[in-house]
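Accompanying notes for the structure given below.
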Amino acid sequence: MKATETKLKGCFVLEPKVFKDDRGYFFESYNHKDFCKAIGGEVTFVQDNISYSKKGVLRGLHFQKGEHAQAKLISVLQGRIQDVVVDLRQDSPTFGQHISMELSDESKKQLFIPRGMAHGFLTLSESAKVLYKCDNHYNKQSEGGIRYNDPTLNIDWGVNENDVLLSEKDNRLPSFKELLSKPI
């Protein structure tokens with residue numbers, strides 16, 4: 001596995017070694033020992049989530065706060081997504097900055113997101129299935145989010161806002177400035 005740290009400290013792009021032949025391919029999608037070595041720390045995942053989304057669906061930007069914060073390992077099982085991570089760690093030199101990258105079933109790249117970051121994605125293909133490995137259990141009272149089109153963050157999702165499909169809940173998320181007015 002090849003691990004490349006992004007500009008957000010502790011956030012890594014992981015590329016598995018893929019073995020291809022005329023029958024298809026094989027790769028190890030997760031190995032705890034190799035994963036921890038690659039990111040330089042110990043993370044134990046306790047929950048797996050799978051989402052299915054149609055083209056244009058934007059999920060996020062979401063996070064869990066406090067003792068229920070979650071690190072995540074994102075993999076695309078089918079399709080293509082534009083994945084975005086925002087650093088919410090107020091003591092981080094990249095606080096308020098974000099990364100954006102395409103993940104797909106073809107590239108097999110994964111994205112490790114440490115605790116203290118918001119995450120969201122836009123479905124680029126006709127549909128997409130996304131697997132999230134989480135290191136902490138979901139807690140409804142600890143969920144938080146930021147509007148995807150926040151002017152302070154200025155994220156380029158590469159799509160016209162009229163083509164974005166949002167849940168009612170995501171449509172009501174606060175701005176980054178509103179989020180900062182309360183403890184994260």
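Derivation of every value follows stated rules applied to the coordinates shown; laboratory data play no part. Quick caveat: nothing in here was measured; it's all calculated off a predicted structure. Counting neighbours? That spans all protein chains shown, and the Cβs are built from the backbone with ideal geometry, glycine included.
Summary of values
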item	result
Distant-in-sequence amide H partners of Lys72 (H built 1.01 Å from N, under 5 Å)	Ile113
In sequence order, calculated HN-Hα J values of the stretch 114-129 (Karplus, 6.51, -1.76, 1.60; Hz; x Gly/Pro)	x, 4, x, 10, 8, 9, x, 8, 10, 7, 8, 8, 4, 7, 8, 10
Cα-centred dipole magnitude for the stretch 102-152, charges only on beta-carbon of K, R (+1) and D, E (-1), debye, nearest 20	200
Set Lys17/Lys55; Lys109/Lys182; Lys37/Lys133; Lys2/Lys72 screened for pairs whose C-alpha atoms are more than 27 Å apart	Lys17/Lys55; Lys109/Lys182
Quotient of Cα Rg and 2.2 N^0.38 Å for the stretch 1-61, N being how many residues it contains	1.43
The chain shape via C-alpha gyration tensor axes, a/c threshold 1.5	oblate
Proxy reagent accessibility, fewest Cβ within 10 Å first, across Val85, Val46	Val46, Val85
The chain - mean residue ellipticity at 222 nm from DSSP helices (-39,500 (n - 2.57) per run, n ≥ 4, rounded to 500)	-2000 deg cm²/dmol
Loop GluC sites (Glu not before Pro), the stretch 1-103 (other Cβ atoms within 10 Å of the site Cβ: 15 or fewer; DSSP)	Glu28, Glu42
Net charge dipole size for the chain [Lys, Arg +1 and Asp, Glu -1 on Cβ; Debye, nearest 20]	240
For the stretch 141-156, Karplus couplings with θ = phi - 60° (6.51, -1.76, 1.60), whole Hz, Gly/Pro x	5, 9, 6, x, x, 9, 4, 4, 9, 4, x, 5, 6, 6, 7, 8
